[in-house]
Amino acid sequence: MLTMKTVPIELGFAFILILSLAITIVTLVISILITVIIAVSTRTRAKIMTWLLKLRKQLIVIVALLFVNIISILCSQWMAYTPPILGENGKPLVGSIAVLEKVTLGGSNQWITIRGKNRNNPVLLFLAGGPGGTQLAATREQLKKLEDNYVVVNWEQPGAGKSMKAIPLKSITPERYISDGHELTQYLCQRFKQKKIYVLGESWGSALGILLVQRYPELFSAFIGTGQMVAFAETEVRDYELALKIAKEQGDTKLVEKFNKQGLPPYYGKDVVWKVSSYNQYLEAYMTKNPKIERPGYNTFSNLAGPEYGLYDKVNFLLGLVTTFNHVYPQLYNVDLRKQAIKLDVPVYFIEGRHDIDAPPALTEEYFNALKAPHKEFIWFEHSGHDPWRNEPDKFVDLMVNLVLKETKIK
């Protein structure tokens, strides 16, 4: 389990700077109020001058702190990196690749990490959940062993993490994700001289992956979905009803009242993310308490602390989970893969947690049974919830290597 010990010094330093700046600004405001009160009540020049001198000193401190903060932010952005892959001698492994870099997709600069012990291995494109989610540090930690057999590419999608400002928020649509994902796939095929790549999608990324391989099957060796999203509107209704049921069973009258007040999804408007998260986070906490799930929970702070993110990125890490989700998620309510992607021309693997109550596996089973594909497999992870790759990472890697790769690798 990742802990606070994984937090880099830069994050602690940034916190101290921001806190000191906040305290100084509060002190300045208080001083201004005192100066105004003295000026109004006494109109004594000597007393007013005393406080004006104090204000001057505080302004100098604020300007200095602002300057230090700006320099710190710029330096942290410039110094962001993904750690090298080391050999037994502690030096970067010969033939490996570990880079954090910009790529131009749809005319905009977006970010990816590329990691693998052998750059000639098959390429695996990882699509994070969200929309607005980022997993650069989490996948590097949890799926490190995948780098033995794949070149793992993690894409910061528009509106997420380092790509938060890649395009205007209003321009982010499901179609834009598909278009940029296609362009990225073409780039990876050309760069690594491979005819096809693999795509692994989690949660929202699993739906995006399906839409990608459906439209461009010639570019993909296989699709792997985990925490598979199938029908967004129906998923939200099921999640809401389950959360309401559990809250009633546990006698949480305040939460029951809150759920009843906000009503059934789907939701629209500026508070979509807050309404969805009210029952989504409740279900997540409920799953975390399930003793049958290994390594439950998710340490957002540890992922946020990854060296891939500068200080500005860390703010965007959190911002994307709110603003991008709020803008994009309502656009997904009409997505139902059971109707829109019933035939795929690539091998398909669904890796589902037995105890997932976030993305109902029943919907994935229904989709799987109706799906037509050259090869398809549904694999249960008995000790997982919504994130099998985090709950049972060793088993996940073993399946990716000894099942998916062996069955689909181009000779």
Quick one: among Glu236, Glu377, Glu308, which has the greatest mean-square fluctuation in a GNM of the chain with alpha-carbon springs under 10 angstrom?
Glu377
Gaussian network model of the chain, Cα within-10 Å springs - most flexible of Ile32, Ile167, Ile85:
Ile32
Out of Leu33, Leu169, Leu105, any idea which swings most in a Gaussian network model of the chain, alpha carbons joined below 10 Å?
Leu33
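Among bridges DSSP assigns within the chain, what percent are antiparallel (round to 5)? Intermediate results must be reported in sequence, preceding the final value.
On the way: 16 of 42 bridges.
Taking every DSSP beta bridge within the chain, about 40 percent pair in antiparallel fashion.
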Alpha-carbon centroid distance for the pair the stretch 337-411 / the stretch 250-271, whole angstrom:
32 Å
In nm, what is the difference between 0.36 nm times the number of residues separating Ser277 and Asp252 and their Cα-Cα distance?
7.3 nm
Could you tell me how many degrees, from 0 to 90 and to the nearest 10, lie between the Cα long axis of helix 253-262 and the main elongation axis, the longest principal axis, of the Cα atoms of the chain?
80 degrees
Among rounded, prolate and oblate, which fits the stretch 136-240 when a ≥ b ≥ c are the square roots of the eigenvalues of its C-alpha gyration tensor, a/c under 1.5 means rounded, and a/b larger than b/c means prolate?
rounded
Degrees separating the helix 45-79 axis from the principal Cα axis of the chain, which is the longest one:
20 degrees
Phi-derived 3J(HN,Hα) across the stretch 366-376 with the Karplus relation (6.51, -1.76, 1.60, θ = phi - 60°), rounded Hz, x for Gly and Pro, is 4, 5, 4, 5, 8, 5, 10, 8, x, 7, 8
Residues whose modelled amide H sits under 5 Å from the amide H of Phe126, counting only those 5 or more places away in sequence or on another chain, are Val153, Asn154, Trp155, Leu200
Give me the one-decimal nm value for the distance between modelled label points at Leu66 and Thr104, 7 Å along each residue's Cα-to-Cβ direction.
3.6 nm
Which cross-chain or sequence-distant (5 or more) residues have an amide H under 5 Å from the amide H of Phe381, H modelled 1.01 Å from N in plane?
Glu352, Gly353, Arg354
Gyration tensor (alpha-carbon) shape descriptor, the stretch 67-158, a/c threshold 1.5:
oblate
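Where both partners of a DSSP beta bridge lie in the stretch 91-222, what percent of those bridges are antiparallel, to the nearest 5?
Taking every DSSP beta bridge with both residues in the stretch 91-222, the antiparallel ones total about 55 percent.
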Fewest to most Cβ atoms within 10 Å: Cys189, Cys75 sort as Cys75, Cys189
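Coordinate-derived values only; no laboratory data. What you see is a predicted model; the values in this text were computed from it and never measured. Backbone-built Cβ (ideal geometry, glycine too); neighbour counts: all protein chains shown.
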